[in-house]
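Worksheet: the structure to be examined is printed underneath.
The values are calculated or read from the model by the stated rules, or taken from the named source; none is laboratory data. Nothing here was measured: the structure is a model prediction, and the numbers come from that model. Note that each Cβ is placed from the backbone with ideal geometry, even for glycine, and that neighbours are counted across all protein chains shown. Note: areas computed on protein heavy atoms with side chains; ligands, DNA, RNA excluded. Shrake-Rupley method; radii C 1.70, N 1.55, O 1.52, S 1.80 Å.
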Amino acid sequence: MKKTFALLASTSLISAGTAALAVDLEVTHWWTSGGEAAAVAEFARLFNENTDHTWVDGAIAGSGGTARPIMIGRITGGDPMGATQFNHGRQAEELVEAGLMLDLTDLAEAEGWRDFVNPTSLLDSCTIDGRIYCVPINIHSWQWLWLSHKAYEDAGLPVPTNWEEFIAAAPALEEAGKIPLAMGGQPWQATGAFGVMAIALAGTDAWKAVHIDQNAEVAAGPDYARVFEAAAQARAFSARSNVQDWNQATNMVISGQAGGQIMGDWAQGEFQVAGLVAGEDYSCLPGLGMNEIISTGGDAFYFPKINNPEVEAAQLELASLMISQEAQVAFNLKKGSLPVRGDIDLTAANDCMAKGLAILATGNILPDANQTFSPDTQGQIEDLMVEFWNDPSYTAEDAQRLYAEIIARAD
């Protein structure tokens, strides 16, 4: 019998002297870009090599906004998969409250997850009423501006070191035939970019007031006025970025067509697949080079309840594997994300990942918006951002007013 990761799968769930039956375990996720596929393949490889079970890949194209409704529909409709991806936060809260997700508390306590998950807020996001329902697998921070050295070299410009320099260089970059800011058309991209600008330009105190205290006055005030003005500038400089998917926008930076992209650190996977070297071919500015901080968003896996003890044993083995030291290193080096374990060696980390690890070590972190706002509030903000980014006549002042109204009624 191959190595069994889950302590409980090899003890209380399997009778002494018997072996668990091999299970084909379907795992749904939305990782379909080159870098993402390379990363998730590491989980599949380790699961197939180290257990008696088989990973059945259930990739759903179109990012989380497309995939989550499909995943939720299957779970609530009685056709659950063996495991499914969600982001850290409240996306699966109603499914847990409906009793549709497997309780992982006994496994987490037996393996001491709370002793090594860093920051512990990631495990807190998996916890409802004192019980743990998911396994956090990475830390993905939105707080990055990725810059193409080729684009700036072609234009005869120095590579910017912060957002102000980026904005100042944008007109000259356009004159050289480059697109200053690459931006895909999916709603979550505009919302995410706005969130990065909010932390970098309004500051952490203002961001916390809006996201944690839900203070509509701050959302309507001068700190956020600066953010909306910056978003209007970004909208203008990304006007010729006629792509839809985030990785298409990243490829514009990789190829030197665009100067930069505001995107989470999952973009690193695309740079890696393309053979580019951090610090030589591209630069990464945490907090837009204005406020070095990372948000502790990312991904977690939930395991829908299935009335089958063999399947449940396989689910627990996969949960244990995903948070193991071996899997954390293999997956996150390919994904470009930071590990959730504070007890592993990542000397192979590239220049950008090393920056993220250094910031994490200082504790200069904030929760992700998915951990502070409900899916309904997030949806309202996305709708606003789609209208604002797609309509040049939509003023920063009008967008800020409507944003403050959303914050006033946020749940």
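Backbone geometry of region 347-356 corresponds, through the Karplus equation with coefficients 6.51, -1.76 and 1.60 at θ = phi - 60°, to 3J(HN,Hα) couplings of 5, 7, 4, 7, 4, 6, 4, 4, 4, x Hz, x marking Gly and Pro.
Would you mind checking the tilt of helix 325-335 against the longest principal axis of the Cα atoms of the chain, expressed as 0 to 90 degrees and rounded to 10? Helix 325-335 sits at roughly 30 degrees to that axis.
Take the solvent-accessible surface of the protein heavy atoms, probe 1.4 Å, and return the percent of it on the chain that carbon and sulfur atoms account for. After summing per-atom areas, the C and S share lands at 48 percent. Using the Cα centre of the chain as origin and beta-carbon charges of +1 (Lys, Arg) and -1 (Asp, Glu), tell me which of Ala193, Ala234, Ala278 is placed farthest towards the positive end of the dipole. About the Cα centre, the residue reaching furthest to the positive side is Ala278. Using just its DSSP H runs of length 4 or more, each adding -39500 (n - 2.57), the chain gives a mean residue ellipticity at 222 nm of -13500 deg cm²/dmol after division by all residues. Within the assembled protein chains, the solvent-accessible surface assigned to His140 is about 10 Å², based on a 1.4 Å probe.
Annotation: the antiparallel percentage among DSSP beta bridges lying fully within the chain is about 60.
Here the dipole of the chain is about 380 debye; that uses its Cα centre as origin and unit charges on the Cβ of Lys and Arg (positive) and Asp and Glu (negative). Rolled with a 1.4 Å probe across the full set of protein chains, the surface gives Arg68 an accessible area near 60 Å². For Asp299, the residues whose modelled amide H falls within less than 5 Å of its own, excluding neighbours fewer than 5 places apart on the same chain, are His88, Ile137, Asn138, His140.
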